[in-house]
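Below: the structure, in structure tokens.
Any read-out appearing in this document is the output of simple, stated calculations on the displayed coordinates, not a laboratory observation. Note that the structure is predicted; figures quoted are calculated from it, not measured. Here the Cβ positions follow ideal geometry from the backbone for every residue, glycine too, while neighbour counts run over all protein chains shown.
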Amino acid sequence: MPKYFADLSGESPVLTGENASHLISSLRASPGDRIAVCDGNSMDYCCEITEIHPRQKQVFVRILNVCPSPAEPHIKASLYQAIAKGDKFEYAVQKCVEMGIFEIIPITTEYTLAKDGLSENKLKRLQAISEAAAKQSMRGIIPRVLPATSLEQAIMDSKRHRLAFAPYENERRQGIKSFLSRKIINSNETAGIFIGPEGGFSPGEVTAFEKNGIERVSLGPRILRAETAGLVALSAMFYEFDELRASNDG
């Protein structure tokens, strides 16, 4: 069943714009077809199409039932991802949204090659990638991609999280499994993950993590790419805190 994000409030729930165009032109939808619609606040609506107006790009629906989205993790994880070259950052956004990230904060670091941050057009493209990935993975929200910020500001922002850590290729004492096994994080609490650029974090940045209670962890003996490290760290955290259960496991 295809999924769309839309506001269905009002007496006559209707999908318009790109959502309607996709249903009409790409899926050749007909009255009687069922679709899933999410309000972007973790509530899913099972709907039946009642009327289609191609010229006006309107698809009217009848709401059959409403329920909390089962796709949202209980832990809200923020990804502080250093801006990477080319389409690497886009890959990181897409895959971490599929995995269940709550929000993505692009950061500039000492070794970041793109020092100018992200243009407005680039930010719009990243948000569109997040929305497409959220639809594909049946998410209950569209994770935000926020404007770029400095690592220093990101460290201060991370103090709002119950748990914050930074995978670091030179960490030898603490693996991510042993780190997470010592932590307790409950439903509706938040976590922050710091991922460096292609060149990693500088020694000074690692010291800043230590001073601010952000623990370093190892993701193993292999050196991961900047665009895949966040996905690995997020997967490990969700596995440890039982966020990968099947939908019928309760």
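Quick notes
- Alpha-carbon spread of segment 3-100, three principal axes, descending order, Å: 46, 31, 20
- Calculated Rg and Dmax of segment 77-162 using C-alpha coordinates, Å: 12.5, 36
- Taking the longest Cα principal axis of the chain as reference, the axis of helix 88-99 is set at about 70 degrees.
- Over segment 78-220, equivalent-ellipsoid semi-axes from the Cα gyration tensor in Å: 24, 19, 13
- Working ranking of peptides 87-99, 167-179, 9-21, 124-136 by packing, defined as the average number of other Cβ atoms within 10 Å per residue, highest first, is 87-99, 124-136, 167-179, 9-21.
- Cα-projected label distance for residue 128 with residue 186, points at 7 Å along beta-carbon direction, nm: 4.3 nm
- Panel note: the C-alpha atoms of the chain, placed on their principal axes, show extents of 61, 42, 29 Å (largest first).
- Charge tally for residue 138 (other residues, Cβ to Cβ under 9 Å; Lys, Arg +1; Asp, Glu -1): +2.
- In degrees, nearest ten, helix 226-240 long axis to first principal axis of the chain (Cα): 80 degrees
- Considering only the chain, percent of DSSP beta bridges that pair antiparallel, nearest 5: 40 percent
- Cross-link pairs 122/183; 124/183; 95/211; 159/183; 57/88 - those with Cα-Cα distance over 25 Å: 122/183; 124/183; 95/211; 57/88
- Charge tally in the Cβ shell below 13 Å around residue 166, where Lys, Arg are +1 and Asp, Glu are -1, residue 166 excluded: -3
- Applying 1/(1 + (r/R0)^6) with R0 = 22 Å to the Cβ-Cβ distance of residue 1 and residue 239 gives a FRET efficiency near 0.20.
- Net charge contributed by nearby residues that have their C-beta within less than 11 Å of residue 226 (K/R +1, D/E -1): 0
- In range of the label at residue 27: residues from segment 1-16 whose backbone nitrogen is under 13 Å from the point 7 Å along Cα→Cβ: 1-6, 15-16
- Projected area averaged over orientations for segment 142-223, convex hull of C-alpha atoms, nm²: 6.5 nm²
- Residues whose amide H comes within less than 5 Å of that of residue 216, counting only those at least five positions distant or on another chain, are 166 (H built at 1.01 Å from N in the peptide plane).
- Magnitude of the charge dipole, segment 76-240, Cβ model with Lys/Arg +1 and Asp/Glu -1, debye to 20: 360 debye
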